Amino acid sequence: MDTDVGIAGAGPVGLLLAAELCLAGVRPIVLERLPAPSEQPKARGIGVLAAEALRRRGLGPALDHEHDKGLAALAREHGTTRTHFAWIHKIDPDTADPGRHGALIGQPALERLLRGHLAELGVEVHFGHTVTGWAEDPDSVTLTLDTPTGTRRITAGHVAGCDGGHSTIRKLAGFGFPGTAPLMTVRYAQARVRERDQLPPPGRLPGGTLFHEEGVVATFDFTDPTADRSGALSADEVRESVRRVTGVDVVVEDFQGGLRFTDQARQVDAYRRGRTVLAGDAAHVHSPNGGQGLNLGLTDAVNLGWKLAATVRGADDALLDSYTAERHPVGAAVLHNTRAQSALLAPGAHVDALRDIMGDLMDLPEVNRYLARLLSGVGHRYPVPDSGAHPLVGTHCPPLTVGGAPLEQLTTDGRPLLIHPAADGSGLGDRVKAVRAAVADDERLSSVLVRPDGVIAWAAAPGAVPDHEALRTAVDHWFPV
């Protein structure tokens, strides 16, 4: 066997998954079809949970540097630093969970950061390696690759498809991909419009939505929802879309490239089939409204990494099955709210009226907080087998100060962490790292067991007698090897 895990795709999700496997003692092979890293601007930020995941691995200072630049750009382009629901820019992210925040970082910068992180762990990315074949037997998966030096085959104990919305791994492995067809096509071009003064102001129009400023033009085109996406976006295509949306014919020149995407929403039935797993857009696609895609994909990766590594080391398949059980509902929730946002973006007087009412509702603090938590995912709780467990079990642990140090400083090695006033790891072997400290800055917790993905696996409330039998059960369940 050539590797324990073969990862197809070196975007943010594949890179982070590879790093998480390394921290758990498994060295993957990372395969990327592109000949070199892409500098194409796509997503411009990551959400709370993804940012916290990267901070737990020591990447916080780099995120902060990029966030400051992204915040300035957001204010310049939209006149506000508030986030949006269906492009109604009223959401205050600080209301969702004070003290928790995402990071505005462009995808090329994020990929550079993660490639550097992975390189420090000693893993290189094999660019120009396109997966053309997949075959699974009871003990391994064989991938056929088209490489710069010819055809190559590798065998892996498991394969992870992190290769995007058009995932080759998903198709070859036979995953179903049900969902809904697109209502619109979005085109975003870095270009100049010669007759820009003839265009209507940016905003909603009978054919969709128009956005333009110096050097940028974009359309949300509801008249052409099933556009051919096989080729690269062109200046002529942007010109035709502007004409459909606005009724104005302009010349698009100095075209520097751009993006085209739809709001189709699809999700695989299960994230695992045998020895093949999917993460990120390979498992789910949806509209980018609300900026949830990278947050969803990166939290897929941190949920999967330690579980897949444990499976390689001999853990029962039930642990790997929990990846689908935990992450599929989260993905479904994102598809659900992005469909709602597409409905609110449709042109017409009836939707205009609905948007007015929705905007008024967003001025209510309770509604604003609900939508902020919906987009960030901080309110989601994974299934908890023990109905009597602490209410924070199954949720992502908030930032804590432990013995005077931020929690993230104790988690860079990717190990599960027990924080307990009397912790010495007794009876838990070397499966968790025990820290003798009180969780003094969260009035809800006195002791907590945190999984490598930042999820609380066990906890005790202040003043309560810690249930150490429940603690041992949690350790045995989540960290069997």
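We did not get these values from a lab; they are worked out from the coordinates using the rules stated. Keep in mind the model is a prediction, meaning the values are calculated, not measured. Counting neighbours? That spans all protein chains shown, and the Cβs are built from the backbone with ideal geometry, glycine included.
Tell me the angle of helix 60-78 to the major Cα principal axis of the chain, expressed in degrees between 0 and 90 and rounded to the nearest ten.
So the inclination is approximately 20 degrees.
Between the stretch 3-65 and the stretch 356-400, how far is it from one alpha carbon centroid to the other, in angstrom?
Comparing the Cα centres of the stretch 3-65 and the stretch 356-400, I get a distance of 26 Å.
Could you state the number of Å between the C-alpha centres of the stretch 429-481 and the stretch 115-161?
37
Tabulate in residue order the Karplus-calculated ³J(HN,Hα) for the stretch 234-239, using 6.51 cos²θ - 1.76 cosθ + 1.60 with θ = phi - 60°, rounded to whole Hz; enter x for Gly and Pro.
Calculated HN-Hα couplings, in order: 10, 5, 5, 5, 5, 4 Hz.
Given C-alpha coordinates of the stretch 1-102, what is the ratio Rg to Rh with the Kirkwood estimate of Rh?
Ratio of gyration radius to Kirkwood radius: 1.05.
Using per-residue counts of other Cβ atoms within 10 Å, averaged over each peptide, order 105-112, 151-158, 256-263 from highest down.
Numbers: 105-112: 20.6, 151-158: 17.1, 256-263: 18.8.
Ranked from most to least packed, the peptides come out as 105-112, 256-263, 151-158.
Just how large is the dipole of the chain about the Cα centre, in debye to the nearest 20, putting +1 at every Lys and Arg Cβ and -1 at every Asp and Glu Cβ? Display every interim value, and only then the final one.
Working: 47 positive and 59 negative charges, 60 e Å.
Once rounded to the nearest 20, the dipole reads 280 debye.
How far is the Cα center of the stretch 403-425 from the Cα center of the stretch 305-355, in Å?
29
Quick one: helix 349-362 against the long Cα principal axis of the chain, what's the angle to the nearest 10°, folded into 0 to 90?
40
Students often check this: by mean Cβ neighbours within 10 Å, which of 384-390, 88-94 ranks highest, and how do the rest follow? Don't jump to the answer; show the numbers that get you there.
Working: 384-390: 13.0, 88-94: 17.6.
Descending mean neighbour count gives 88-94, 384-390.
Angle check, please: helix 468-478 long axis (alpha carbons) against the longest principal axis of the chain (alpha carbons), in degrees 0 to 90, nearest 10.
50
Suppose only helical runs count, i.e. DSSP H with n ≥ 4. What mean residue ellipticity at 222 nm does that imply for the chain under -39500 (n - 2.57) per run, divided by all residues and rounded to the nearest 500 deg cm²/dmol? Let's see the in-between values first.
On the way: 11 runs with 157 residues, N = 481.
Value at 222 nm, helices only, nearest 500: -10500 deg cm²/dmol.
What's the lysine pair count for the chain at a Cα cut-off below 28 Å, pairs eight or more apart or interchain?
For the chain, the number of qualifying lysine pairs is 6.
Which percentage, to the nearest 5, of the DSSP beta bridges contained in the chain is antiparallel?
75
Counting only C-alpha contacts under 8 Å and six or more residues apart, can you give the relative contact order of the stretch 401-478 as a whole percent? All intermediate terms of the calculation are to be shown ahead of the outcome.
Numbers: 129 pairs, mean separation 19.6, N = 78.
Across the stretch 401-478, relative contact order equals 25 percent.
Out of all Cα-Cα pairs in the stretch 275-339, roughly what percent, to the nearest whole number, are more than 16 Å apart?
Cα-Cα pairs of the stretch 275-339 separated by over 16 Å account for 44 percent.
Report, please, the projected area of the stretch 341-477 averaged over directions, based on the convex hull of its C-alpha atoms, in nm². Walk me through the numbers before you get to the answer.
Working: hull surface 44.3 nm².
Taking the Cα atoms of the stretch 341-477, their convex hull projects to 11.1 nm² on average.
Roughly what percent of Cα-Cα pairs across the stretch 150-268 reach past 24 Å?
Cα-Cα pairs in the stretch 150-268 separated by more than 24 Å: 39 percent.
State the volume of the convex hull built on the alpha-carbon positions of the stretch 173-235, expressed per residue in Å³ and rounded to an integer.
119
For Ala43, enumerate residues with amide H under 5 Å from its amide H, sequence gap 5+ or separate chain, H modeled in the peptide plane.
Gln107
Please compute the contact order of the stretch 185-262 in relative form: average sequence separation of alpha-carbon pairs under 8 Å and at least six residues apart, divided by the residue count, as a percent.
About 45 percent, as a whole number.
For the stretch 401-478, what is the Kirkwood estimate of the hydrodynamic radius, computed as the reciprocal of the mean inverse distance between distinct Cα atoms, to one decimal in Å? Walk me through the numbers on the way to the answer.
Numbers: mean 1/r = 0.0805 Å⁻¹.
Computed over the stretch 401-478, the radius equals 12.4 Å.
For the chain, what value does the Rg/Rh ratio take when both radii are computed over Cα atoms and Rh is the Kirkwood radius, given to two decimals? Mind showing how you got there, number by number?
Working: Rg = 23.2 Å, Rh = 23.7 Å.
We get a ratio of 0.98 for the chain.
Using the Karplus curve 6.51 cos²θ - 1.76 cosθ + 1.60 with θ = phi - 60°, what ³J(HN,Hα) values do you get for each residue of the stretch 330-347, in whole Hz, with x for Gly and Pro?
For the stretch 330-347, the Karplus curve yields 5, x, 4, 5, 5, 4, 5, 6, 6, 4, 4, 5, 4, 4, 6, 9, 4, x Hz.
Order these peptides, 200-212, 159-171, 6-18, 33-45, by their mean beta-carbon neighbour count within 10 angstrom, highest first.
6-18, 159-171, 200-212, 33-45
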